[in-house]
Amino acid sequence: MHELSLAASAVELIEAAAVREGFSRVRRVRMEIGALSCVEPEALRFAFESAAAGSCAAGAALEFLVVAGEGRCSGCGATAELETVYDPCPACGAHPMQVLRGMEMRVKDLDVE
Amino acid sequence: MCTTCGCGGDGATLESHPHAHPYVPRKRSAVAVIPPAPDEVRRIEVEQDLLARNDAEAVANRKTLAQLGVFAINLVSSPGSGKTTLLVETLRRLAGEVPVAVIEGDQQTSRDADRIRAAGAPAIQVNTGKGCHLDARMVGQAMQRLPLQNGGLLLIENVGNLVCPAAFDLGEAHKVAILSVTEGEDKPLKYPDMFRAADLMLLNKCDLLPHLAFDADQAEAFARRVNPAIRIIRSSATHGSGMDEWIDWLRAGAAAARREAAAA
């Protein structure tokens, strides 16, 4: 359940943004979560609800933007969608694919009032 | 950029604008120039990694360790892979030669730290409570309470868990994954993040291989499929096989850390 720590980090980032930007309530949080990252979105949603209680993000809707995995073959240079971090290159079969996208775990933006 | 008047972005200023209002310089400029009405919704670009603070604290730990000339290792595995037994045997072999300090991570109890102290090394137990991994802040705080010595080792035994510790940089030089032969050969495929993050894998409890159906070659092949660069040592902390290679690897790391601190 590292989602608990990640949710707590997200609330910290949001509270820091609230001080910086001068808002008091968050209506919606959008997070980018890579398909290859070690995050289970529904576990993160559950953890976020409790981590956000009592903060300016309490009750905010949490929306995930899932970033598909994409890699480049370190052998032939082909790029392809990745379902796991160790998928072989579909073009040449060589390992490893260098991950280009899909490891994201970030707070993208907030709708605030 | 000034959120009230818009000046200051990219070094631009507005002529004859005295800037009596306070503003915070910012990199991103997606904030409305006109302050919104109280109940108006506006969008704030954040674009910050959930691990940003952990990573910053890990960078600070790494810098401290580099200055001190300490070689730090983050040992990760499932519960029951033999980490603590391996550590105790490691301490025995390095006693009087390389100073070793240990951070023990567990959800509860100080049993592991007690075992390490009984083996003669300073140890701090971090109880993570409900947490499933050590984070960089916990390690930074524990480091302050340990006698870290130039040319020494800091061995961090993470919470037994092959999932969560993969994501949390502690400031270590290397993650070392321990897979015991009483587990499944396919653990590297089931938990690829951890085996991908590790630079070395110890295939431990190899003395039990004659009694098991475990295919050690297959386990190594799976680990290399996930991480082609991973170094693998077949070890038995209780019978001693592979321990010389492991200890030599630690010695070399500690010596390099000392050299680099002296050169800095």
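No lab work stands behind these numbers, since they all come straight from the coordinates. Here the structure is a predicted model, which means the values were calculated and not measured. Virtual Cβ from ideal backbone geometry, glycine too; neighbours counted across all protein chains shown.
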Per-residue average of other protein chain Cβ atoms inside 10 Å, peptide B:133-140 -> 1
With -39,500 (n - 2.57) per DSSP H segment of 4 or more residues and division by the full residue count of chain A, the 222 nm estimate, nearest 500 deg cm²/dmol, is -9000 deg cm²/dmol
Against the 2.2 N^0.38 Å rule of thumb, the C-alpha Rg of region B:165-264 sits at a ratio of 1.17
Relative to chain A, whose Cα atoms define the longest principal axis, helix A:2-21 and its Cα axis are tilted in degrees, nearest 10, by 60
Relative contact order as a percentage, chain B, C-alpha pairs under 8 Å and 6+ apart, gives 21
Note to self, chain B gives a 222 nm [θ] from helices alone (DSSP H runs n ≥ 4, -39500 (n - 2.57) apiece, / all residues, nearest 500) of -10000 deg cm²/dmol
Using alpha carbon positions and the Kirkwood radius, the Rg to Rh ratio of region A:2-111 is 1.13
Taking Cα pairs closer than 8 Å and at least 6 residues apart, the relative contact order of region A:2-111 in percent is 33
PRE zone check, label point 7 Å out along Cα-to-Cβ of A:Phe64, amide N under 17 Å, scope region A:92-106, hits A:102-106
Given pairs B:Lys130/B:Lys187; B:Lys63/B:Lys175; B:Lys83/B:Lys205; B:Lys83/B:Lys175 and cut-off 20 Å on Cα-Cα distance, the over-length ones are B:Lys130/B:Lys187
Placing each pseudo-label 7 Å from Cα in the direction of the beta carbon, B:Ala95 and B:Thr64 end up separated by a distance in nanometres of 2.9
The extension gain from B:Gln107 to B:Gln218, computed as 0.36 nm times the residue separation minus the Cα-Cα distance, is 36.7 nm
Working note, the protein assembly as shown: Cα radius of gyration (Å, one decimal) and Dmax (Å, whole number) are 23.9, 85
Each label sits 7 Å from Cα toward the beta-carbon; between A:Gln98 and B:Gln141 the label points are separated, in nm, by 3.9
For A:Lys108, counting only lysines whose alpha-carbon sits under 22 Å away and dropping same-chain residues fewer than eight positions off, the answer is B:Lys27
Length gained if B:Thr182 through B:His211 is fully extended, taking 0.36 nm per residue and subtracting the Cα-Cα distance, is 9.5 nm
Quick numbers on chain B, Rg and Dmax over C-alpha atoms in Å, give 23.9, 85
